[in-house]
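**Q** Structure below; questions to follow.
Read-outs throughout are calculated quantities, based only on the coordinates presented, and are distinct from any laboratory measurement. The structure presented is a predicted model; accordingly, all values stated were derived computationally and were not measured. Backbone-built Cβ (ideal geometry, glycine too); neighbour counts: all protein chains shown.
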Amino acid sequence: MIIIGLDPGLGTTGWGVIAANGNRLSHIAHGQIRSDARAPLPERLVTLADGLRAVLAEHRPDCAGIEEVFVNSNAQSTLKLGQARGALLLCLAEAGLPVDEYAPRHVKKAVVGTGGAEKGQVHAMVATLLPRAKSAGSDAADALAIAVTHAHRAATARRIGAAA
């Protein structure tokens with residue numbers, strides 16, 4: 001199964017693609033989609049959407065995981081993040097991909113073992129689980145962590161289904 005993980009952001013969206021074969025995970029690719037902060041919002045959303053469509057066309061994932069919106073103290077930032085997520089979710093739906101959403105604490109717990117883990121701990125575990133993944137920035141590492149989380153959840157769901 002090929003999984004894409006997305007760490008959405010209006011300025012920078014991280015993406016990571018992994019292969020999951022049972023409990024065995026392997027890195028395929030990762031990177032960032034950047035939009036110009038000086039461009040109007042609609043253009044920035046098109047940049048994100050076009051960038052994701054190119055990644056989807058190249059790697060042909062079977063499913064996707066995306067980070068949920070977290071509400072921060074700046075309502076304007078939260079709204080812009082929601083708009084970026086909306087553009088990304090639309091692309092995933094257009095591609096016919098099943099999508100699961102993960103809270104940041106859930107990703108930290110799945111990758112590190114505790115929901116209160118620091119970003120550095122998450123990135124260190126991603127490097128351990130996917131040793132071929134060389135750093136391409138924090139957003140891409142977070143996206144790989146989301147893909148790993150999705151792979152773990154999918155494997156657990158398959159085991160539960162098989163036992164039932």
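**Q** Which condition does C91 not pass, out of (1) surrounded by 13 or more Cβ atoms within 10 Å (Cβ to Cβ); (2) in contact (Cβ under 8 Å) with a residue 40 or more places away in the chain; (3) out of contact with any Lys or Arg (no Cβ under 6 Å at 6 or more places or on another chain), if it passes all the others?
**A** Here C91 clears every test but (3).
**Q** If I go through region 5-36 residue by residue, how many of them are of a type outside the set (A, V, I, L, M), in a strand (DSSP E or B) and closer than 21 Å to A87 by Cα?
**A** The total comes to 11.
**Q** Taking region 1-28 as the search range and keeping residues that are in contact with an Asp or Glu (Cβ under 8 Å, 6 or more places away or on another chain) and surrounded by fewer than 20 Cβ atoms within 10 Å (Cβ to Cβ), which one is farthest from A147 (Cα to Cα)?
**A** Ranking the candidates gives T12 first.
**Q** Somewhere in region 46-69, is a residue in a loop (DSSP other than H, G, I, E, B), under 18 Å from the mean Cα position of the chain (by Cα) and polar (S, T, N, Q)?
**A** No, because not a single residue in region 46-69 is in a loop (DSSP other than H, G, I, E, B), under 18 Å from the mean Cα position of the chain (by Cα) and polar (S, T, N, Q).
**Q** Quick check on region 98-111. Is at least one of its residues under 25 Å from A154 (Cβ atoms), aromatic (F, W, Y), touching an Asp or Glu at 6+ places or on another chain (Cβ under 8 Å) and not in a helix (DSSP H, G or I)?
**A** Yes: one or more hits.
**Q** For region 1-32, enumerate the residues that are charged (D, E, K, R) and in contact with a helix residue (DSSP H, G or I) (Cβ under 7 Å, 6 or more places away or on another chain).
**A** D7
**Q** Here's a check for you: in region 94-111, which residue that is out of contact with any strand residue (DSSP E or B) (no Cβ under 6 Å at 6 or more places or on another chain) and more than 20 Å from F70 (Cα to Cα) is surrounded by the fewest Cβ atoms within 10 Å (Cβ to Cβ)?
**A** Filtering region 94-111 for residues that are out of contact with any strand residue (DSSP E or B) (no Cβ under 6 Å at 6 or more places or on another chain) and more than 20 Å from F70 (Cα to Cα), the one surrounded by the fewest Cβ atoms within 10 Å (Cβ to Cβ) comes out as G96.
**Q** Checking the structure you have, find out if any residue of region 124-131 is in contact with a Gly (Cβ under 8 Å, 6 or more places away or on another chain), among the polar types (S, T, N, Q) and either exposed (fewer than 12 other Cβ atoms within 10 Å of the Cβ) or under 22 Å from R60 (Cβ atoms) (or both).
**A** No, because not a single residue in region 124-131 is in contact with a Gly (Cβ under 8 Å, 6 or more places away or on another chain), among the polar types (S, T, N, Q) and either exposed (fewer than 12 other Cβ atoms within 10 Å of the Cβ) or under 22 Å from R60 (Cβ atoms) (or both).
**Q** G86: surrounded by 12 or more Cβ atoms within 10 Å (Cβ to Cβ) and part of a helix (DSSP H, G or I), yes or no?
**A** Yes; evaluated as a whole, the condition is true for this residue.
**Q** Mind listing whichever residues of region 112-121 are crowded, with 16+ Cβ neighbours inside 10 Å and not small (G, A, S)?
**A** Within region 112-121, V112 is the sole residue that qualifies.
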